[in-house]
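Undergrad: After the structure tokens below, expect a handful of questions from me.
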Ligand code: NAP
């Protein structure tokens, strides 16, 4: 038996276990299971590793994407640079860290990118924002963080004037505002200055159309949610776990 899983807390609404279980059935992949490990402390990962000898790899979600680094024997260059890991491969007892959110975000965004999408606003400054920022740096797309707390590296929401909005035609929501059950919330940006030149991407996938996306769509902007990113990051994890060294 090959065992895979997800660590995080809480895990009640996890997409990954359902996705992998359905994938294994649909693709007749046998002798493999994917389980949730809902752990209240990252230290409990030690017990899982001791007890589950057939564990070959696991995904990592909120709140452990940074804390898991202390358990890794080595990490990919992306993890080294970002300081966040969401996919671990176990090889001869060694834990090797990867970040598949980066690939998920980049691959899902690419089909929507147009020549006039020259600058981006990244709403929020957490773990998902770090993956988005990594991709923009790699692709040399200048971006500005927008945060509830203004700093040397982030604008405040109040700073978003007409000029800034017109010049930043990619708007990426990495905040949890609008995510079920908080479906009546949205990031406080001036939607009146969004137009059909903009592409608005919400990393949230439940609901499929958040208020942020509904308001952006009403202006004529193109929109996308985080569903495809989620599938791509899961498939990238599966590819990494099955890759021969
Ligand atoms: P996080 O670290 O908890 O939060 C992201 C950032 O959002 C925070 O750093 C904060 O930035 C801002 N924020 C939090 N609460 C807010 C509030 N009440 N009002 C305004 N801003 C707020 O979460 P994360 O891990 O980055 O994930 C963020 C979202 O992305 C989640 O909805 C998650 O489900 C989604 N996600 C989707 C995928 C996918 O594959 N589709 C992958 C990863 C994450 P400031 O303090 O700077 O304002």
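Undergrad: Scan the stretch 170-182 and report the pairs whose first residue is within 14 Å of residue 200 (Cα to Cα) and in the same structural domain as residue 216 (by TED's automatic domain parsing) and whose second residue is surrounded by 24 or more Cβ atoms within 10 Å (Cβ to Cβ) and at pLDDT below 95, with Cβ atoms within less than 6 Å and a gap of 6+ or a chain change.
TA: From residues that are within 14 Å of residue 200 (Cα to Cα) and in the same structural domain as residue 216 (by TED's automatic domain parsing), the pairs are 174/128.
Undergrad: Does residue 118 satisfy the condition of being closer than 22 Å to residue 219 by Cα, modelled with pLDDT of 95 or more and outside any strand (DSSP E or B)?
TA: Values: closer than 22 Å to residue 219 by Cα: yes; modelled with pLDDT of 95 or more: yes; outside any strand (DSSP E or B): yes.
Taking the combined requirement at face value, the residue satisfies it.
Undergrad: Hey, another quick one. I'm trying to understand the selection: among the residues of the stretch 86-108, which are surrounded by 23 or more Cβ atoms within 10 Å (Cβ to Cβ) and within 12 Å of the chain's Cα centre (by Cα)?
TA: Matches in the stretch 86-108: 86, 87, 99, 100, 101, 102, 104, 105.
Undergrad: In the stretch 49-60, is there at least one residue being under 18 Å from residue 239 (Cβ atoms), in contact (Cβ under 8 Å) with a residue 12 or more places away in the chain and in a loop (DSSP other than H, G, I, E, B)?
TA: The answer is no, given that none of the residues of the stretch 49-60 is under 18 Å from residue 239 (Cβ atoms), in contact (Cβ under 8 Å) with a residue 12 or more places away in the chain and in a loop (DSSP other than H, G, I, E, B).
Undergrad: Could I ask something else about it? Would you mind telling me which numbered condition in (1) out of contact with any helix residue (DSSP H, G or I) (no Cβ under 9 Å at 6 or more places or on another chain); (2) within 10 Å of the ligand (Cβ to nearest atom); (3) over 24 Å from residue 12 (Cα atoms); (4) not in a loop (DSSP other than H, G, I, E, B) residue 129 fails?
TA: Result: residue 129 passes all but (3).
Undergrad: Being within 19 Å of residue 188 (Cβ to Cβ) and either within 9 Å of the ligand (Cβ to nearest atom) or loosely packed, with under 12 Cβ neighbours inside 10 Å (or both) is the filter; apply it to the stretch 133-155 and report the residue that is farthest from the chain's Cα centre (by Cα).
TA: 151
Undergrad: A further question on this structure: Which of the residues spanning the stretch 205-225 are touching a helix residue (DSSP H, G or I) at 6+ places or on another chain (Cβ under 8 Å) and within 12 Å of the ligand (Cβ to nearest atom)?
TA: Matches in the stretch 205-225: 205, 208, 224, 225.
Undergrad: Cβ contacts < 8 Å: first residue free of Cβ contacts under 8 Å to residues at least 40 places away in the same chain, restricted to the stretch 96-116; second residue part of a helix (DSSP H, G or I) and within 10 Å of the ligand (Cβ to nearest atom), any location; separation 6+ or different chain. Result?
TA: Final answer for the pair search is 99/131; 102/131.
The values are calculated or read from the model by the stated rules, or taken from the named source; none is laboratory data. Given the structure is predicted, the values throughout are model-derived calculations rather than measurements. So basically every Cβ, Gly included, is an ideal-geometry build from the backbone, and we count neighbours across all protein chains shown.
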